[in-house]
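Read through the structure below, which is laid out as structure tokens, and then see the notes.
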Amino acid sequence: MSGEGPRRSGPGKPTGKGKPVGKGKPVGKGKPAGKGKPVGKGKPAGKGKPAKGAKPRPTRPKRGHAPVPAVPADVHVEDGMRLQKVLAQAGVGSRRACEAMIAAGRVQVDGHIVVEQGVRIDPVRQVVHVDGVRVQVDEDKLYLAFNKPAGVVSSMSDDLGRVSLGDFMAERPERLFHVGRLDSETEGLILLTNDGELAHRLQHPGYGVPKTYLAEVPGPVARDVGKRLREGVELEDGPVRFDSFRLIDSQPGKALVEVVLHEGRKHIVRRGLEEVGYPVERLVRVQVGPVHLGDLRQGRWRVLTRTEVAQLFSAVGL
């Protein structure tokens, strides 16, 4: 006898002194291999915090609908104006605030997100969006709202010598044109601009820009008039459907109604109301898209606000 005792196979009980081999838990009956936490199910690669010094990835603007081309492009114009200065001059905010917007990826030029501060652009040729809303950065573009009096023809000049829109714009050096027309006896809001693309789209029936009118008609007004106009009435040049009809006021012998249409056919409001038995005695347009006539006096004009211009662009997909 050597006195060493039985040899152990590990830190457990001596071999042959415990339970017989094969009588314990069967091999492989514990937790199956691979049933723990699956490999790769933690945080996806690249989704943690960005590496120090890495530039933040620009995000798409959350509002608006400015297109974002898939292929990046260099929008920098060497002899242009710094983007933050262009935005500040357009009234978007202070230059420092505009720099923060650029860094946050909220500004697009020609549909491409810009995050660098040194970019220069051509405000006449390039299109800028902030948070998906177009900003008018071309200082040469002009947008006016005019309250047309009755008896004024909707043209910039008149061969017959009648009073026209151009007579009220004689002091303006820009070459302006009117957006749509109002017949001679219709009063109210008409837009004028030197932006041909916007003017064209505002007049195009495909964009469906609504126009709101107040009309004085003989009273009382029957209850079914609004339903008939919304369902559509047949005119000599085709049917017309009014977007809405509302009775504003009713007095003995006359009534004031509000109608909304997105069509622009000649005398469409007058003809539609006359077709249902209510010839118009006085007609005033009070709104075009987002632009309201408000308290603008007859024969006067005002420059549209930056917000109004942006809303007009959005209404026609610019």
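The table below gives the values:
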| quantity | calculated |
| --- | --- |
| Members of the stretch 178-193 that are surrounded by 17 or more Cβ atoms within 10 Å (Cβ to Cβ) and not acidic (Asp, Glu) | HIS178, VAL179, LEU182, THR186, GLY188, LEU189, ILE190, LEU191, LEU192, THR193 |
| ASP138 being without any contact (Cβ under 8 Å) to a residue 24 or more places away in the chain, part of a loop (DSSP other than H, G, I, E, B) and closer than 24 Å to GLY289 by Cβ | yes |
| Failed item, numbered, when GLY299 is tested on (1) in a loop (DSSP other than H, G, I, E, B); (2) more than 16 Å from HIS178 (Cβ to Cβ); (3) of a type outside the set (Lys, Arg) | (2) |
| Near pairs, Cβ below 9 angstrom, 6+ apart or cross-chain, from the stretch 186-206 (touching a residue at least 60 places away in the same chain (Cβ under 8 Å)) to any residue that is in a helix (DSSP H, G or I) and surrounded by fewer than 17 Cβ atoms within 10 Å (Cβ to Cβ) | ARG201/TYR207 |
| Hey, GLU274 more than 23 Å from the chain's Cα centre (by Cα) and surrounded by fewer than 15 Cβ atoms within 10 Å (Cβ to Cβ) or not | no |
| Meets criteria (among the basic types (Lys, Arg), under 29 Å from GLN311 (Cα atoms) and surrounded by 18 or more Cβ atoms within 10 Å (Cβ to Cβ)) for ARG201 | yes |
| Residue in the stretch 288-305 that is of a type in the set (S, T, N, Q), modelled with pLDDT under 95 and more than 26 Å from GLY151 (Cα to Cα) present | yes |
| Considering residues of the stretch 129-156 that are modelled with pLDDT under 90 and either small (Gly, Ala, Ser) or loosely packed, with under 14 Cβ neighbours inside 10 Å (or both) only, the residue nearest to the chain's Cα centre (by Cα) | GLY132 |
| Failed condition for VAL153, given (1) under 18 Å from GLU308 (Cβ atoms); (2) in contact with a helix residue (DSSP H, G or I) (Cβ under 8 Å, 6 or more places away or on another chain); (3) of a type in the set (A, V, I, L, M) | (1) |
| Of all residues in the stretch 86-95 being surrounded by fewer than 15 Cβ atoms within 10 Å (Cβ to Cβ) and in contact (Cβ under 8 Å) with a residue 12 or more places away in the chain, the one that is nearest to VAL135 (Cα to Cα) | GLY91 |
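Conditions tested, residue by residue: (1) over 21 Å from VAL309 (Cα atoms); (2) among the hydroxyl-bearing types (Ser, Thr, Tyr).
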| residue | (1), (2) |
| --- | --- |
| ASP158 | yes, no |
| SER164 | yes, yes |
| THR186 | yes, yes |
| ILE190 | no, no |
| THR193 | no, yes |
| GLY206 | no, no |
| VAL221 | yes, no |
| GLY226 | yes, no |
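The values are calculated or read from the model by the stated rules, or taken from the named source; none is laboratory data. Quick caveat, the model's predicted, so the values are computed rather than measured. Neighbour counts run over all protein chains shown; Cβ positions are idealised from the backbone, glycine included.
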